[in-house]
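Engineer: Could you have a look at this structure, given as structure tokens, before my questions?
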Amino acid sequence: MLVLSNHTFLKNRVQCKTVISHGFFSMFLVYHLKNYITIKGKKQYTIDRKIIEIGSMSKAKKVANIVREISSPSDNTIIYCGRKCDTESYAKQLLRNQSLITSFQEKCAGEGENVYKIFLNHLQNTFGDDWIVLKALKGRIGIHHSLVPKYIQKEIINLFNSGALICLFSTTTITEGVNTSAKNIIITLSLIHI
């Protein structure tokens, strides 16, 4: 269940300032400082005082545009997905945009750099270069789902909290005993209890 009181999300485990929900018929619900705004059919929106182009493009591109505009190491974003395959699919879509990845890497440069590099080296040696979790982390994107080993999930959360990652794609595993601070939440599926 989604809890939106006092700027909290997911049973008070994630503190946030903006929640963006994707629902039926390409509708978004934006929660910003306790205000709901229903967004449907327009080509641009103002979110957190920034104009964001999200007109007639794919859902993944809309997510990418929103993440690019509202995220930074101090204003990071969790993208909640309903299925493991969605977390990886959205991450792959963002990874295709090299200018976006370059901007993420520049924004995060220096944030937890030593731990970040050691962790990437460990994952590369253990899992190889083709693992999507490693590819995403190199682009400053986290992936968190049930098939990611627990110790890696924990380190991804630590990197996210330290500002070394701009965004985190997650399933419900983020609600299972994980405490994190996020400024923004994007929900990519329809929720009944909004």
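Engineer: What number comes out for the charge environment of residue 54, summing +1 per Lys or Arg and -1 per Asp or Glu over other residues with Cβ under 10 Å away?
Structural biologist: It works out to a net charge of +3.
Engineer: Give me the dipole magnitude in Debye, nearest 20, for the range 99-139 about the Cα centre, with unit charges on the beta carbon: positive for Lys and Arg, negative for Asp and Glu.
Structural biologist: Rounded to the nearest 20 debye, it is 40 debye.
Engineer: Which pairs break 31 Å Cα to Cα here: 42/183; 42/92; 43/154; 42/150?
Structural biologist: 43/154; 42/150
Engineer: A further question follows. In Å, what is the Rg of the alpha-carbon atoms in the range 47-178, and how long is Dmax?
Structural biologist: 13.9, 43
Engineer: Work out from phi, with θ = phi - 60° and the Karplus expression 6.51 cos²θ - 1.76 cosθ + 1.60, the ³J(HN,Hα) of each residue of the range 106-116, listed in order in whole Hz, and give x for Gly and Pro.
Structural biologist: For the range 106-116, the Karplus-derived couplings read 5, 5, 9, 3, x, 6, x, 4, 5, 5, 4 Hz, x marking Gly and Pro.
Engineer: Now for a different question. Give the long-range amide H neighbours of residue 79: residues separated by 5 or more places, or on another chain, with amide H under 5 Å away, using H modelled in the peptide plane at 1.01 Å from N.
Structural biologist: Those qualifying (amide H under 5 Å, at least 5 residues apart or on another chain) are 168, 169, 170, 186.
Engineer: Take every Cα-Cα pair in the range 111-183 and report what % of them are more than 16 Å apart.
Structural biologist: Counting pairs separated by more than 16 Å, the tail of P(r) holds 41 percent.
Engineer: What is the sum of charges around residue 129, taking Lys and Arg as +1, Asp and Glu as -1, for the other residues whose C-beta is under 14 Å from the C-beta of residue 129?
Structural biologist: +1
Engineer: Ok, one more. Modelling each spin label as a point 7 Å along the Cα-to-Cβ direction, I'd like the residue 57/residue 105 distance in nm, to one decimal.
Structural biologist: Between residue 57 and residue 105, the simple spin-label model gives 2.1 nm.
Read-outs throughout are calculated quantities, based only on the coordinates presented, and are distinct from any laboratory measurement. Quick caveat: nothing in here was measured; it's all calculated off a predicted structure. As a convention, Cβ positions derive from the backbone with ideal geometry for all residues, glycine included, and neighbour counts pool all protein chains shown.
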